[in-house]
Amino acid sequence: MTYRFTDHTADYGVEVYAFTAEEAFCDAARALYEILYGKNAAVLFRAGHQGAPAPVRMEEGTLADLLHAWLSLHLDRCVQDRRVASGWRIRVDFRRARLEGEIYMTEAAKLGLTLEREVKAVTYHDLRAQASLEKTTLHYIVDV
Amino acid sequence: MDVKIRKVGEHKYCIPKSDHPGLRADIYIYATEQILGAIRADQTCTQIVNVAMMPDIVSPVHLMPDAHFGYGFPIGAVAAFDAVDGWVSPGGVGADINCGVRLMSTDIPADELNEKRRKSLVEALFRRVPSGLGVGGPLKLSGRPLNDVLERGAPAIVEKGLGLPEDLSHIEDQGSIEGAEAASVSDAAKKRGFDQCGTMGSGNHFLEVQRVEKIFDPATAGRWRVSEGTLAVMIHSGSRGLGYQVSDEFWKRSKKALPSFGIEVADAQLSPLPIRSDLGREYLAAMRAAANYAFANRQALMHLVRGVFQDEFSGTAEGLGLRLVYDVAHNIAKEESYESAGVTRALLVHRKGATRAFPDQPVIIPGDMGTASYLLAGTVAARSSYYTVCHGAGRVLSRTAAKKRVDVGRLVRELRDQGIEVRGGSKAGLAEEAPEAYKDIEQVVDAVEVNGLARRVARLKPVCVIKG
């Protein structure tokens, strides 16, 4: 895992460093789950793909906006449906700011997960996404 | 921009627009020197400058002493636009629409609460007042009943038997903001609001039983029926997931719409919408609906608290004197009239982490869980700040820093040694909300009082603290 939490007065900031955009987007989501469920979120990563796969496809004007949409999808499923993504297979076209693939959603309770923190939203503040063929760096802040 | 901050009075500073090209409004900062240092240390100054650069902003804008970094507007910011031709900024209201605070007084002597009764009371409150995450409330609202709450607020809850009719006259706008439209609230937001009315939430939301430790203004305290040495209850909560969903949806929509308005803002999260535009009107209608939901939420919470007190102290609400002192919002945009140069003008006043303080209106300022909270009274002089003061102590430590620094077991023991019983939903949550994470409430209130914006009426010490 290549993410870390950054200091922020009232909320949580996340920095992600990865070789590929896919790895970076995956780690960005894992960081969000750790904020939501605490260290217990590691359960998700060991759970394997559970539940039926659902297609996911999104395209935005910028890679940063794509990151926002990707994280918001996870947050919305978590808070509205109490479901988490136990796995995903995604491809990120960083030049076109496009993401597609499959995501496996399952009930958080089935994985023994309980919310530790209430996240109001993924903010646009200091939302950054830079990608090249060699590396991808992301930064986002969630409003707790 | 290299910001020049000038001291213009005791605990008052100014960033004059005349000194800074691009600034459209003067900025007044109410702060002690120490607090000003904290404000300078994060991006708060940059954010308030961004606000003062917004098109059509009415001068001046204000920054309260509990200010800290936010999204769009900083927390503690107060700014206004013309109510007809100006702008409404979702970033100037905040994600938790009508996050606010309510104070209930009692006739119960605080000395009746010995350690055993304190533990029993805190356990009963923790058990019976929904707090924390994923916990549903006493009401399941959908369809017409939910729409009624969105459009009428606290009165709709009182009519369901959750409170007393006389409560309503002690709530800002009688707990019901005009212009709310349930149709402007999305199905996703309504789904989140289904079972959250009457729930506290988590984070910095809390329920505190407090001792009225000292009365500074006996006449006002007497009028408000707050007596030294008695118990009081303070509730801090907002519009819950419904409000967050409304905010998030309109933030996204306003960000997309921004290029069409032909303006530039320094921060996309300011996200201004012309009040005359369809989207601006829709946001105002939805914001007011979410605000009404928050008033309803706090009304339902107080009803649950009254029930616990009636059982724990074996009395009736009337017999125990369980009275609402006031309920006030601190994340909202309100249309209010102000006179300038003999002309009365309707302004849309944005208060983000800031509390309305009309003359002689109760103003409730929660501190941290270990020190004190304050009950203030608004003053005529507060007209200079759109009748607005601070909303709390304001954070100084980040959540990650607080978690690293605070030993929760030691915190709970230390508070218990001070006679404060704490019950929280999670250790991480308690650590993040530890007293050392917040500014000194005395300095915050000093900065407000010295500038004549409000006056101290009573200081309240926590006795029982429930965190989500």
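The values are calculated or read from the model by the stated rules, or taken from the named source; none is laboratory data. These figures come from a predicted structure and were not determined experimentally. We place every Cβ from the backbone using ideal geometry, glycine too, and count neighbours over all the protein chains shown.
Counting only strands (runs of 3 or more DSSP E) wholly contained in the range B:17-134, no element carries 3 or more residues that are without any contact (Cβ under 8 Å) to a residue 12 or more places away in the chain, of a type in the set (F, W, Y) and within 30 Å of B:V209 (Cβ to Cβ).
For beta carbons closer than 9 Å, sequence separation of 6+ or different chains, a first residue in the range A:53-76 that is without any contact (Cβ under 8 Å) to a residue 12 or more places away in the chain and a second that is basic (K, R) and part of a strand (DSSP E or B), there are no qualifying pairs.
Scanning the range B:429-468 for residues that are farther than 26 Å from B:S131 by Cα and outside any helix (DSSP H, G or I) returns B:D440, B:N451, B:G452, B:L453, B:A454, B:R455, B:R456, B:V457, B:A458.
Does B:E249 satisfy the criteria of being in contact with a Ser or Thr (Cβ under 8 Å, 6 or more places away or on another chain), of a type in the set (D, E, K, R), in a helix (DSSP H, G or I) and more than 14 Å from chain A (Cβ to nearest Cβ)? Here the answer is no, as B:E249 does not meet what is asked. Quick one: is A:L111 in contact with a helix residue (DSSP H, G or I) (Cβ under 9 Å, 6 or more places away or on another chain), touching a residue at least 40 places away in the same chain (Cβ under 8 Å) and within 19 Å of A:A52 (Cα to Cα)? Answer is yes for this residue. The single residue among B:A372, B:A458, B:A381 that is surrounded by fewer than 22 Cβ atoms within 10 Å (Cβ to Cβ), out of contact with any Phe, Trp or Tyr (no Cβ under 6 Å at 6 or more places or on another chain), under 17 Å from B:M234 (Cβ atoms) and at pLDDT 90 or above turns out to be B:A372.
More than 13 Å from the chain's Cα centre (by Cα), within 14 Å of chain B (Cβ to nearest Cβ) and of a type in the set (S, T, N, Q), is that true of A:T20? Walk me through how you get there before you give the answer.
On the way: more than 13 Å from the chain's Cα centre (by Cα): yes; within 14 Å of chain B (Cβ to nearest Cβ): no; of a type in the set (S, T, N, Q): yes.
So A:T20 fails the test.
When B:S314 is tested against (1) exposed (fewer than 15 other Cβ atoms within 10 Å of the Cβ); (2) touching an Asp or Glu at 6+ places or on another chain (Cβ under 9 Å), just one condition goes unmet, and that condition is (2). Does the range B:55-67 contain any residue that is within 26 Å of B:K12 (Cα to Cα), crowded, with 24+ Cβ neighbours inside 10 Å and within 11 Å of chain A (Cβ to nearest Cβ)? Yes, the conditions are met somewhere in the range B:55-67. Of the residues contained in the range B:257-265, none is found to be within 14 Å of chain A (Cβ to nearest Cβ), touching a Phe, Trp or Tyr at 6+ places or on another chain (Cβ under 7 Å) and either under 30 Å from B:L430 (Cα atoms) or surrounded by 19 or more Cβ atoms within 10 Å (Cβ to Cβ) (or both). Look at (1) on the phi < 0 side of the Ramachandran plot; (2) touching a residue at least 24 places away in the same chain (Cβ under 8 Å) and you find that B:G153 fails only one, number (1).
Just wondering, is there one or more residues in the range B:390-413 that are within 16 Å of the chain's Cα centre (by Cα), away from every other protein chain (no Cβ under 14 Å) and not in a helix (DSSP H, G or I)?
Checked the range B:390-413: at least one residue is within 16 Å of the chain's Cα centre (by Cα), away from every other protein chain (no Cβ under 14 Å) and not in a helix (DSSP H, G or I).
Here's the yes/no breakdown for (1) surrounded by fewer than 24 Cβ atoms within 10 Å (Cβ to Cβ); (2) of a type in the set (G, A, S); (3) touching a strand residue (DSSP E or B) at 6+ places or on another chain (Cβ under 8 Å):
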site	(1), (2), (3)
B:D26	yes, no, yes
B:I29	no, no, yes
B:M53	yes, no, no
B:L113	yes, no, yes
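The residue of the range B:414-427 that is nearest to the other protein chains (Cβ to nearest Cβ), among those that are within 22 Å of A:L113 (Cα to Cα) and in contact with a helix residue (DSSP H, G or I) (Cβ under 6 Å, 6 or more places away or on another chain), is B:K427.
In the range B:102-143, of all residues being out of contact with any helix residue (DSSP H, G or I) (no Cβ under 8 Å at 6 or more places or on another chain) and of a type in the set (A, V, I, L, M, F, W, C), the one that is modelled with the lowest pLDDT corresponds to B:L133. Residues in the range A:34-59 that are surrounded by 16 or more Cβ atoms within 10 Å (Cβ to Cβ), more than 14 Å from chain B (Cβ to nearest Cβ) and touching a Leu at 6+ places or on another chain (Cβ under 9 Å): A:V43, A:L44, A:A47, A:Q50, A:V56. Between A:A129, A:A64, the distinction of being in a helix (DSSP H, G or I) and modelled with pLDDT of 90 or more belongs to A:A64 only. Scan the range A:120-144 for residues that are among the charged types (D, E, K, R), more than 13 Å from chain B (Cβ to nearest Cβ) and surrounded by 21 or more Cβ atoms within 10 Å (Cβ to Cβ) and the total you get is 0.
For the range A:60-100, the candidate set comprises residues that are within 12 Å of another protein chain (Cβ to nearest Cβ) and among the β-branched types (V, I, T); within that set, the residue that is surrounded by the fewest Cβ atoms within 10 Å (Cβ to Cβ) is A:T62.
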